[in-house]
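The values are calculated or read from the model by the stated rules, or taken from the named source; none is laboratory data. Everything numeric here is computed off the predicted structure, so don't read it as measured data. All Cβ positions, glycine included, derive from the backbone under ideal geometry; neighbour counts span all protein chains shown.
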């Protein structure tokens, strides 16, 4: 299992160990509870932004992602939605915290759950709650926890 925060900033290589860039965003499909792909960026003289689908992942390292076919990288302008903070609500529409992380099965790209935080002091004193059942609100970027 991986956490989304561990994937952001991961270095991306092809299977021949050629450096391709760094993960700058994750393309989630929350209704299906899976990852569609990754947005990566390579800085320098040949600076570019690219996207590759999850099914191109060959394997995950500790802080790296290796992909099968770098020829399938698509140049993009990072069109993904980025919400500053996504909040978690229960079915009674009461806020129960904010989404701190996503738990991901790196073998198949499924989102196993969301980690909800009430803030750093509560995290230290009580830990974070993890919920497997949630529904995204496409308009706000928030989540309803079942």
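What to note about this one:
- The set of residues in segment 107-116 being surrounded by fewer than 17 Cβ atoms within 10 Å (Cβ to Cβ) and either closer than 20 Å to residue 144 by Cβ or in contact (Cβ under 8 Å) with a residue 60 or more places away in the chain (or both) consists of 108, 110, 112.
- For segment 1-34, a tally of residues being under 13 Å from residue 112 (Cα atoms) and free of Cβ contacts under 8 Å to residues at least 60 places away in the same chain returns 2.
- For segment 7-125, the strands (runs of 3 or more DSSP E) that sit wholly inside it and include 3 or more residues that are under 20 Å from residue 142 (Cα atoms) and at pLDDT below 90 are 19-29.
- Restricting segment 52-72 to residues that are exposed (fewer than 12 other Cβ atoms within 10 Å of the Cβ) and within 15 Å of residue 8 (Cα to Cα), the residue that is nearest to the chain's Cα centre (by Cα): 63
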